[in-house]
Every structure is written in C-alpha cells, then in structure tokens.
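Engineer: Dumping the structure here so I can ask a few things about it.
None of the figures in this text is laboratory data; all of them are computed from the coordinates on show. Small disclaimer: the values here were computed from a predicted structure and weren't measured. Here the Cβ is made from the backbone with ideal geometry for all residues, glycine too, and neighbour counts use every protein chain on show.
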Amino acid sequence: MIIQHSDINPEYGDLYFSRENGLEESEYIFIDGNSIKERIKEGGSLHIGETGFGTGLNFLTLIKVLGAGDFSRVRVKYSSIELYPLEPERIRQLLSPFAESLGDILAHYELCWAELFPGLKAGWNESRWNFKGIEVDFRLFYGDAQDWSREEKTEEVDAWFLDGHSPDKNPEIWSASIMKAVYNNTVTGGTLASFTASGTVKRPLREAGFTIKRKKGFGRKRHMIQGLKS
Ligand SMILES: C[S@@+](CC[C@H](N)C(=O)[O-])C[C@H]1O[C@@H](n2cnc3c(N)ncnc32)[C@H](O)[C@@H]1O
C-alpha cells in the first residue's frame, strides 16, 4: 500500500483509514462487528455513536449498506465526536479513492458537509440529512471526547464505532473515563466494535461493564473486538 502524506492525521501521526480497502475494512469492523444488517431487518430506528468522525467514511459505509438492502424505512441517528473536523476540501481529497464505490452517496455527503462545516460550534451540532429516502439525524460533537465524557448522560446509543486512532498513538481517547461514558450512553443490549484488540483498550471497556470478545481482524490485522452491554 502506498501511504500518502495526506492520508495521515498530523495531530496523531496516524492514518485515517486504509486507502487501499478502507470501505471493506469499515464494513467488516464496524457494520458486521455490530451485526447491523441483522439488527435492522425489522426496520425501526438505529442510533450509532462514534468516537472519531474523521472523514466520515464509517458513516458513508453505513449509508451504503442501508441503501443496498431494503432498509430505507430505518431511521438513523448518528452521533459522532471529533476534535479536529476536516475542511470540506480535505475530506474530498481523502475520500477520492472511494468516489466510484460510493457514487451519489459521496456527492450528496460532500454537499451536506460543506453546508454544516462553516457553522460548526463547540459542543453538539445537529443536522437533518436524507440519502435517497434514508432519514438521518446527524449530530457532531465538536470537541474533545474527554469533555463529552464529562457531560451528563444524554445518549441512548445502540451501536458504537470506536475509531479514535491506535492506542499507542492516541491513548487519551481510550481512557477509562471516556470508555465509562460510552458504556453509560449505551442502551441495554447495545454493542460496540473496534479495530484494535489491545489490552489497553479491552481493560477499560471491561471495567466499564462491557462483555468484550475478540474476533479475527481485517486483512493483516490479527484481531478486533466486539462488546456487549448485557
Ligand atoms: C482513525 S480517525 C477516524 C476515522 C474516521 N472514522 C473516518 O471514517 O474517517 C480518528 C479520529 O479521531 C479524532 N480524535 C482523536 N482524539 C480525539 C479526542 N480526544 N476527541 C475527539 N476526537 C478525537 C481524530 O481527530 C481523528 O479524526
């Protein structure tokens, strides 16, 4: 894989995602890792939480999966946390390798983001988006996940995408206080998935109350994790 300088988040010296197969990786880890397709067969609503919005690739993967199945009756709430929201032009560059696979979804998302970005304020920002009939309540917490974790419990998240860079590059986002807040903001029966199976991530998640198990990782990565609030 050729790593281009622009693939790296300079704040953490780490990649946003794999340029080669980022979409497949996102689907394997976050969509399948949370059994999203099985859970939404009945329609209804789905609340996703995410630590680390980055370019929005995980969000786009979710919309693509919902659009590909007959899931248009599902109502999506997507609550994501990001300390360094990216300029629309930077997102366009970073997501360009997926332009063909994402097609209209990407074009529409870029318009939505370009509208939201200039007015972003610290704390929660809310927007209503519609992707070919899929209604989305999009919510972005602009700020440090540590600050979010100190807020009173407000969320009722069904499934978490924990994607805040690798724990050796960014241990703060896997801290016990943030993992406890993730637990507190999850419904009973809710789940999480993460690309890393590091002990420094599993430990605070278990201490918070999640049941954590390992699963085969994507590509060359040996393991990933899934969690359940039972
Ligand atoms: C691996 S990237 C996320 C990739 C992303 N899910 C995507 O689809 O592009 C991790 C993200 O977490 C953000 N981040 C790291 N530490 C954070 C913190 N303490 N609070 C909020 N966001 C943080 C980074 O700025 C970065 O955008």
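Engineer: Under the 0.36 nm per residue contour assumption, what length would be gained going from the current alpha-carbon distance of Q93 and D14 to full extension?
Structural biologist: Result: 26.8 nm gained on full extension.
Engineer: May I pose another question? Distance check, please: which entries in K153/K221; K64/K153; K37/K221; K121/K216; K77/K215; K41/K121 exceed 32 angstrom between their Cα atoms?
Structural biologist: Violating the 32 Å limit, Cα to Cα: K153/K221; K121/K216; K41/K121.
Engineer: Counting each DSSP H run of 4 or more residues in the chain as -39500 (n - 2.57), what helix-only mean residue ellipticity at 222 nm follows after dividing by all residues, to the nearest 500 deg cm²/dmol?
Structural biologist: Value at 222 nm, helices only: -8000 deg cm²/dmol.
Engineer: Right, something else. Taking a temperature of 25 °C and a viscosity of 0.890 mPa s, what whole-number D in µm²/s does Stokes-Einstein yield for region 123-197 with Rh from Kirkwood over alpha carbon pairs? Don't jump to the answer; show the numbers that get you there.
Structural biologist: Details: Rh = 13.8 Å.
My calculation gives 178 µm²/s for D.
Engineer: Using a simple spin-label model with points 7 Å from Cα along the Cα→Cβ vector, what separation in nm is obtained for H223 and R75?
Structural biologist: Inter-label distance under the simple model: 4.0 nm.
Engineer: Averaging over all projection directions, find the projected area of the Cα convex hull of region 13-167 and quote it in nm² with one decimal place.
Structural biologist: Values: hull surface 35.5 nm².
Computing the convex hull of the Cα atoms and averaging its projections yields 8.9 nm².
Engineer: Could you calculate the contour length gain from Y84 to D137, that is, 0.36 nm times the residue separation minus the distance between their Cα atoms, to one decimal place in nm? Please report the intermediate quantities before stating the final value.
Structural biologist: Details: separation 53, 0.36 × 53 = 19.08 nm, distance 2.08 nm.
17.0 nm is the gain from fully extending Y84 to D137.
Engineer: Okay, next question. What is the distance, in nm, between label points placed 7 Å from the Cα along the Cα-to-Cβ direction at E172 and at T211?
Structural biologist: According to this spin-label approximation, the distance is 3.5 nm.
Engineer: Taking the dipole about the Cα centre of region 5-228, with the C-beta of Lys and Arg at +1 and of Asp and Glu at -1, give me whichever of P171, I225, F195 is farthest to the positive side.
Structural biologist: Working it through, the farthest residue towards the positive pole turns out to be I225.
Engineer: If I model a spin label at D144 and E126 as a point 7 Å from the Cα along the Cα→Cβ vector, what separation in nanometres do I get?
Structural biologist: It works out to 2.7 nm between the two label points.
Engineer: While we're here: Along region 108-121, what does the Karplus equation 6.51 cos²θ - 1.76 cosθ + 1.60 (θ = phi - 60°) give for ³J(HN,Hα), rounded to whole Hz, x for Gly and Pro?
Structural biologist: 5, 4, 4, 5, 4, 5, 4, 6, 6, 3, x, x, 4, 10
Engineer: Placing +1 on the Cβ of each Lys and Arg and -1 on the Cβ of each Asp and Glu in region 5-228, which of F141, I63, L86 has its Cα farthest towards the positive end of the resulting dipole?
Structural biologist: My answer, from the dipole projection, is I63.
Engineer: Relative to the Cα centre, what is the charge dipole magnitude of region 5-228, using +1 at the beta carbon of each Lys and Arg, -1 at the beta carbon of each Asp and Glu, and rounding to the nearest 20 debye?
Structural biologist: That gives a dipole near 880 debye.
Engineer: Additional query: Against the globular-protein guess of 2.2 N^0.38 Å, express the Cα radius of gyration of region 12-78 as a ratio, rounded to two decimals.
Structural biologist: It is 1.14.
Engineer: Please report the spacing between the Cα centers of region 181-230 and region 91-134 in Å, no decimals.
Structural biologist: The distance from the Cα centre of region 181-230 to that of region 91-134 comes to 27 Å.
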